[in-house]
Amino acid sequence: MLSDHKRLYIITGKGGVGKTALSLAFTKYLRSQGVKANYLNFTTANLEKPKSDIQEIIQAKKMGVPLTALNLYDCASGYVAKKLKSQTVAKFVVKTPFFKALISMIPGFNYTIYLGQALELLKEDSEQVFVLDSPSSGHAITMLEATKNFGEIFQAGSLFEDTQKMLSHIYSEGFTQINVLSLPILMAANEALELQEKLKTIAPIESKVICNNSFAGLEGVKDMELPNFLSKKLETEMLIKKEFGQEIESFIPHSLQNIDEDIVNDLVPYMDQLV
Amino acid sequence: MELKQKPFEIFSGTGGVGKTTLAASRAIHLAQQGSSVLLITIDPAKRLKEVLNIKDQDAGKIVSITDPLGEGSSLKLDVELMNPEETIKRIAHQTESDDIVNNRILKILARPYGGLNEILAIIELQMNMDKNKYDVIVLDTPPGSHFLDFLESVEKIRTFFDQNFVDIFNYLGKKSSPSKTSRSKRFMTKVVSSGVKKLLDYLSKVTGASFVEEFLEAVYTLYQSRNVFLDALDLQKGLQDENKSTWFLVTSVEQNKLKEAMDLSEGAKNLLTEKSWVILNKCLQAQVEQWNPKSEREQLVKNSFVEREKKHEELLSSKFKNILRFSEVLRPEPLEHVRELVNQWTDYKLIGAKNG
């Protein structure tokens, strides 16, 4: 049973690095170690679509990965209901065109609402751990900055206090870890490290940079006589290890599988590096 | 068969497929053909700057680049890394009012990661189009579902300025009072029996009264600039006109990209018609075919690559008529990468083309 772990893991990185596959694999791994981990994805809680239609949810269910699906309006009306002490009023407020426009024009508002609800759930159940498959690069920054911005926007009053509480919770020691994913390509590695630096200036949260899709890690690759395109890939990886060896902690091997479920299962044994 | 240039060329797709470098190489290729080109990126991660060596302090401005490939040519290209704050300044300039620049809430939201990126991008595009300075504007969009935010932001603008708010705006518009705070206060007392007043009362209990006042100010400020926002709605029509724009949906042969591309095409159904071009990037077919595996393990790895690429082609051909294939470029340096892609644009291979 793994006891030294965080409560909230945020998996981020530029688009296409494999966040979803890795998040699902990581959730599976944590569960295998006796940790009550759930896969969480904010983009799945789409305003218009009912929960059951979201692709990632179908995928996670198919793979038997425990997940938590949050609906934006439920989260928002839950919060407003607490403040106004009425569920009826809350439901009215969040359905108004004004509120809807507010949410859709200011994306950061969404994330603040989701994060708030996720933290509530973590408070209610001290065993619960979330693996958050977060939005790509720039938008992951939006997510954390939004919470900070809303403190600045509201300045005083209960909403402000609540956002402050949220932040101090997220920043509390041992609570959160941000895993920034990269690929073994120069541009990707640079970007991941840039993202990590930027995140450090926004939030005092522990973070790791992890390289996905490593070919050097593929079994037997060192013994093979490789064609040009593969040996070039290895060369680039060696370059990255040399230049960024200090900052990039782990390399997760590329999976030879082509079906999502199989890829995720291939990744599970390496997920201890994300803890 | 010519891949004709259109006034708008939009590169969409999920992240990590090479969209940014493809957009940049397309822009350079078009400039090589003699067109005046503007390349815009609205991707908050600002990857383009790495590719073309543009600095952060240039964000929000149009930068003229000469000889982007370092070939000693006189080739010119304009590039802009979008910066929401700069766009707001331009809106202020157009509406001859400083209010929008000075509003505290709008300022915060307009910060590069403040979340107004997509909406301001539409306006940025519209403003550049209005200049009539360029033959082609090539747009590199934010990856994945955030690109859908871009498409949806036009609707959001429409919703925000819809009939439900017209009462508020008309009322505020008729006010000729000099003081800013009294405007909002007067509004609050005058709008006696409307759902909106109720809503604002509730809102002030949750957020605090001072926020509500500032928020009303922000709304009023946006209203003053509404023409700029509403003009941008015309843009959507242009984007749906096949004579005015070409959409490139970029995907790559890497593992999880195909599913994402299919999801994206589902989500953007209205804009990505059958006449859109799909680019299958990072193809390895040529290189893989030349590989003669010497062990079972090597054969396994080779098969994995072959199978993957075949699967991609089959699935794409079932959904799209026009597919462009681009080969994987093995140059680590971004600029070299771009150069090779420019060559591929000049000399592209079409697979499964069924119409002209």
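Beyond 28 Å in Cα-Cα separation lie the following of the pairs A:LYS6/A:LYS148; A:LYS200/B:LYS76; A:LYS14/A:LYS148: A:LYS200/B:LYS76.
What chymotrypsin sites (Phe, Trp or Tyr not before Pro) does the stretch B:197-258 have in DSSP loop regions with at most 12 other beta carbons within 10 Å? Please report the intermediate quantities before stating the final value.
Values: sites: B:TYR202, B:PHE211, B:PHE215, B:TYR220, B:TYR223, B:PHE229, B:TRP247, B:PHE248; in loops: none.
Here no chymotrypsin sites (Phe, Trp or Tyr not before Pro) fit, given the DSSP loop and packing criteria.
How many partner chain Cβ atoms sit within 10 Å of a residue's Cβ in peptide B:212-222, on average, as a whole number?
Rounded to a whole number, the mean comes out at 1.
Between the helical axis of A:158-171 and the longest alpha-carbon principal axis of chain A there is an angle of about 20 degrees. The mean number of Cβ atoms from other chains found within 10 Å of a Cβ in peptide A:191-202 is 1, as a whole number.
Ratio of Rg to Rh for the stretch A:8-274: 1.01 [Cα atoms; Kirkwood radius as inverse mean 1/r over pairs].
In a simple Cβ point-charge model (Lys, Arg +1; Asp, Glu -1; nothing else charged), the stretch A:8-274 has a dipole of about 940 debye relative to its Cα centre.
Using only protein heavy atoms and a 1.4 Å probe, how much accessible area in total is buried between A and B, to the nearest 100 Å²? Don't skip to the answer; put the middle values down first.
On the way: alone 14080 and 18260 Å², together 26380 Å².
Roughly 6000 Å² of accessible surface disappears when A and B pair.
Given A:LYS232/B:LYS55; A:LYS82/B:LYS205; B:LYS19/B:LYS282; A:LYS28/A:LYS241, which pairs have Cα atoms separated by over 19 Å? Numbers along the way, then the final one.
On the way: A:LYS232/B:LYS55 29 Å; A:LYS82/B:LYS205 11 Å; B:LYS19/B:LYS282 11 Å; A:LYS28/A:LYS241 28 Å.
Violating the 19 Å limit, Cα to Cα: A:LYS232/B:LYS55; A:LYS28/A:LYS241.
Projecting the Cα atoms of A:GLN117, A:GLY174, A:GLY16 onto the charge dipole of chain A (Cβ charges, centred on the Cα centre) puts A:GLN117 farthest toward the positive pole.
Packing-based ranking of A:262-271, A:56-65 yields A:262-271, A:56-65, ordered from highest to lowest mean Cβ neighbour count within 10 Å.
Among the trypsin sites (Lys or Arg not before Pro) in the stretch A:227-268, none is located in a DSSP loop while being surrounded by at most 13 other Cβ atoms within 10 Å of its own Cβ.
The values are calculated or read from the model by the stated rules, or taken from the named source; none is laboratory data. Just so it is clear, the model here is predicted, and its values are computed rather than measured. Quick reminder, even Gly has a Cβ in these numbers, built from the backbone with ideal geometry, and neighbours come from all protein chains shown. Please note that ligands, DNA and RNA were not included when accessible areas were found on the heavy atoms of the full protein model with its side chains. Shrake-Rupley method; radii C 1.70, N 1.55, O 1.52, S 1.80 Å.
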